[in-house]
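Read the structure below first, then the notes.
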Ligand code: BGC
């Protein structure tokens, strides 16, 4: 059987992450017990919740999802009676390292880190280890360090695969009049470990069509191979940069009435910029507006979906991620085994980090009400419904 790119990428032996979810969902894996090992003893020695400080390090306030993630996790931990220190780092890893350092100095028992550059936390994690502070990588894996205890995330490869599959399922509706399909791919921030997974998941689906010529890439910005994805990466996931990149492509390669039909955008912040570029270039919804993908179900993007400017988003119900991480923290504090459901997929170059994986899902205009409003993620009023 051919080895899929996913298997290569994840250095997974035989079980895919989805398989692992099914296989292990009822198991308590052998996480590292924080205290003496025997549950009864460790419960007895668990500190009073009010004496426990938990650090939460989020990458930036500039993107909607991290504000939501931080606030939700903080409130769950407070409900459990813990003290919290929630910090945002303006997308600068040095700043985040200082923040985590301060959390450790202040006596944090565990730190939850959504990193910026997951390869650049080394010394601060050694500090954490030396003080027996547990480190939970949140959403983004921390690479190249022994001192990452757990990882909680959505299945990042699947996020890209859902975008790619959506493109395959809907491509025929978006053909140009002469039958060609003009396709423009984008990728996420080169320093974010997740971005390569998103790209790999999408590229596994879409690249055969680029190779066969069914998809034409007028800008030429299709990476020669999957591992060249950083050549089309948008640093820091900036909407503005995605907008000017899309404007450049439209201005330089789409003269003479040629239209772009499909844009692979790995997330909603890039999709916002891409949509602005399309707006500015005279595209109109319902009249040759291209299929644009996304991820996160950010408010502005859901509104764009309702206005037929973005075809889909991959929704990661970040409340579930926070819920799971709060459970993990409680287990760490109480010296219990920490629940994970994947012990094979996320190799950070030094170790396979025990992971709790959650499932992302597609939302389209037709399912906004059912998925996002009925579940309470947004109110109807938020969306102008
Ligand atoms: C997250 C995405 C987010 C992106 C930009 C990624 O690591 O998984 O949900 O859109 O960062 O913040």
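The values are calculated or read from the model by the stated rules, or taken from the named source; none is laboratory data. All values reported here derive from a predicted model rather than from experimental measurement. We place every Cβ from the backbone using ideal geometry, glycine too, and count neighbours over all the protein chains shown.
Does any residue of the stretch 216-236 turn out to be surrounded by 24 or more Cβ atoms within 10 Å (Cβ to Cβ), part of a helix (DSSP H, G or I) and within 16 Å of the ligand (Cβ to nearest atom)? Give the steps one after another, and end with the answer.
Our first condition is that a residue be surrounded by 24 or more Cβ atoms within 10 Å (Cβ to Cβ); within the stretch 216-236, this holds for 234.
In the following step, the residues that additionally are part of a helix (DSSP H, G or I) were identified as none.
Looking through the stretch 216-236, none of the residues is surrounded by 24 or more Cβ atoms within 10 Å (Cβ to Cβ), part of a helix (DSSP H, G or I) and within 16 Å of the ligand (Cβ to nearest atom).
Does residue 116 satisfy being part of a loop (DSSP other than H, G, I, E, B), modelled with pLDDT of 95 or more and under 23 Å from residue 193 (Cβ atoms)?
Criteria met by residue 116.
Quick one: which of 302, 260, 325 is touching a strand residue (DSSP E or B) at 6+ places or on another chain (Cβ under 9 Å), in contact (Cβ under 8 Å) with a residue 60 or more places away in the chain, outside any helix (DSSP H, G or I) and surrounded by 16 or more Cβ atoms within 10 Å (Cβ to Cβ)?
260
If a residue has to be part of a loop (DSSP other than H, G, I, E, B), more than 13 Å from the ligand (Cβ to nearest atom) and closer than 30 Å to residue 153 by Cβ to count, how many in the stretch 281-299 make the cut? Working first, answer last.
Looking only at the stretch 281-299, we keep the residues that are part of a loop (DSSP other than H, G, I, E, B), and these are 281-283, 285-286, 288-290, 293-294, 296-298.
Among the residues that remain, those that are also more than 13 Å from the ligand (Cβ to nearest atom) are: 281-283, 285-286, 288-290.
From what is left, the residues that are closer than 30 Å to residue 153 by Cβ are 290.
Matching residues across the stretch 281-299 total 1.
Determine, yes or no, whether residue 209 is buried (at least 19 other Cβ atoms within 10 Å of the Cβ) and part of a helix (DSSP H, G or I).
no
Return the residues of the stretch 64-99 that are assigned to a loop (DSSP other than H, G, I, E, B), buried (at least 19 other Cβ atoms within 10 Å of the Cβ) and either without any contact (Cβ under 8 Å) to a residue 12 or more places away in the chain or away from the ligand (no atom under 14 Å from the Cβ) (or both); say none if nothing qualifies. Don't jump to the end; show me each part of the working.
So the first thing to find is which residues in the stretch 64-99 are assigned to a loop (DSSP other than H, G, I, E, B), and the list is 80-82, 89-92.
Filter once more, so that each one left must be buried (at least 19 other Cβ atoms within 10 Å of the Cβ): 82, 89, 91.
Answer for the stretch 64-99, where residues must be assigned to a loop (DSSP other than H, G, I, E, B), buried (at least 19 other Cβ atoms within 10 Å of the Cβ) and either without any contact (Cβ under 8 Å) to a residue 12 or more places away in the chain or away from the ligand (no atom under 14 Å from the Cβ) (or both): just 82.
Identify all residues within the stretch 161-198 that are surrounded by 19 or more Cβ atoms within 10 Å (Cβ to Cβ), under 25 Å from the mean Cα position of the chain (by Cα) and not in a helix (DSSP H, G or I); write none if there are none.
183, 184, 185, 186, 187, 188, 189, 191, 192, listed by residue number.
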